[in-house]
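The values are calculated or read from the model by the stated rules, or taken from the named source; none is laboratory data. All figures in this text were calculated on a predicted structure; none of them were measured in a lab. Backbone-built Cβ (ideal geometry, glycine too); neighbour counts: all protein chains shown.
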Amino acid sequence: MSNERCVVIHFRFDCTFDFFGLMPDHDPKRTAGCVWMLVDDADALYDEWSDIGDTRAPVDTDYKVREGAHIDPDGNLFRFGSPLPGWRAG
């Protein structure tokens with residue numbers, strides 16, 4: 001396991017995501033590890049991120065969230081969603 005650290009700061013959310021110690025063979029398309037973000041507008045975030053990395057357009061889910069996904073250029077998986085009518089947290 002590497003001790004290298006990569007810090008990603010995305011000011012839209014005023015937060016810092018700190019990724020470290022990932023296995024060299026980590027593949028976000030085949031593993032369950034990710035960051036999931038509840039956002040006000042999943043389509044707006046898709047528009048912001050669609051030109052960097054691999055971004056999947058949001059779709060309406062059975063669990064009442066409009067959800068998309070983004071794999072950044074470093075291979076980190078971010079899933080994001082916004083509530084649909086009828087959604088209840090937790």
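What do you reckon, is Thr16 exposed (fewer than 15 other Cβ atoms within 10 Å of the Cβ), at pLDDT 85 or above and β-branched (Val, Ile, Thr)? Spelling it out, it is not the case that Thr16 is exposed (fewer than 15 other Cβ atoms within 10 Å of the Cβ), at pLDDT 85 or above and β-branched (Val, Ile, Thr). Scanning the range 75-90 for residues that are at negative phi and surrounded by 12 or more Cβ atoms within 10 Å (Cβ to Cβ) gives Asn76, Leu77, Phe78, Arg79, Phe80, Gly81, Ser82, Pro83, Leu84, Trp87. Apart from one condition, Asp60 fits all of (1) modelled with pLDDT of 90 or more; (2) surrounded by 17 or more Cβ atoms within 10 Å (Cβ to Cβ); the exception is (2). Going by the conditions given, is Asp47 surrounded by 11 or more Cβ atoms within 10 Å (Cβ to Cβ), touching a strand residue (DSSP E or B) at 6+ places or on another chain (Cβ under 7 Å) and either among the charged types (D, E, K, R) or at pLDDT below 90 (or both)? Against the criterion (surrounded by 11 or more Cβ atoms within 10 Å (Cβ to Cβ), touching a strand residue (DSSP E or B) at 6+ places or on another chain (Cβ under 7 Å) and either among the charged types (D, E, K, R) or at pLDDT below 90 (or both)), Asp47 does not qualify.
Among the residues of this structure, Asp27 does not count as one that is in a loop (DSSP other than H, G, I, E, B) and modelled with pLDDT of 80 or more.
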